[in-house]
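Since the structure comes first, as structure tokens, the remarks are kept for the end.
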Amino acid sequence: MGRALRLRCPNCGQGRLFSSWLRMVDRCGVCGLLYERGEHDAFIGAYMLNLIIAELYVALLMLVLILATWPAVPWHLLPWGIALLTIPAVVATYPFSRSLWLGIDLIFRPADPADFGSGGPDGPLPPEEQG
């Protein structure tokens, strides 16, 4: 999970997971692990985790705001603040939730040779060796 939080391959800890903030690479450049592990709906868990993390972040910020302005809390502005903070929070936490979900998936479903494409953990086979 520590590797995932550093946005590195949860399998080897070396390869990067993202080419940009919102774009995940297909496979680890070091161990060859395919990040899309063959489950067509695996993204749902990552989205759920992203929503939970982002909403907890926004709730914590709102709690800090309430405590900082107590007893004159601007209750009429809080819904607008929540709405304005939620979208950036979801974008800010996306890579972490996606990498954490991959780490959780690897804990419960350890990598097997199929998760490394056609060549196993050493990466894909050269074209002349593929069957």
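The values are calculated or read from the model by the stated rules, or taken from the named source; none is laboratory data. All values derive from a computational prediction rather than experimental measurement. Ideal geometry is used to build each Cβ from the backbone, glycine not excepted, and the neighbour counts take in all protein chains shown. Ligands, DNA and RNA are stripped out before the accessible areas are found, and what is left, the full protein with its side chains, is counted by its heavy atoms. Shrake-Rupley method; radii C 1.70, N 1.55, O 1.52, S 1.80 Å.
With respect to the stated conditions, Ala54 fails to be within 16 Å of Phe108 (Cα to Cα) and crowded, with 17+ Cβ neighbours inside 10 Å. Scanning segment 57-75 for residues that are closer than 14 Å to Pro88 by Cα and open to solvent by 40 Å² or more (accessible area, probe 1.4 Å) yields Tyr57, Ala59, Leu61. Within segment 88-111, being open to solvent by 50 Å² or more (accessible area, probe 1.4 Å) and not in a helix (DSSP H, G or I) holds for Arg109, Pro110. Taken over segment 29-51, residues that are within 16 Å of Asp105 (Cβ to Cβ) and part of a loop (DSSP other than H, G, I, E, B) amount to 10.
Residues that are part of a strand (DSSP E or B) and surrounded by 14 or more Cβ atoms within 10 Å (Cβ to Cβ) within segment 11-28 comprise Arg16, Phe18, Met24, Arg27, listed in sequence order. Between a first residue in segment 5-28 that is more than 20 Å from Arg109 (Cβ to Cβ) and without any contact (Cβ under 8 Å) to a residue 60 or more places away in the chain and a second residue that is open to solvent by 30 Å² or more (accessible area, probe 1.4 Å) and of a type in the set (A, V, I, L, M), which pairs have beta carbons less than 8 Å apart while being 6 or more apart in sequence or on different chains? So the pair list comes out as Gln14/Val30; Arg16/Leu7; Arg16/Val25; Ser19/Val25.
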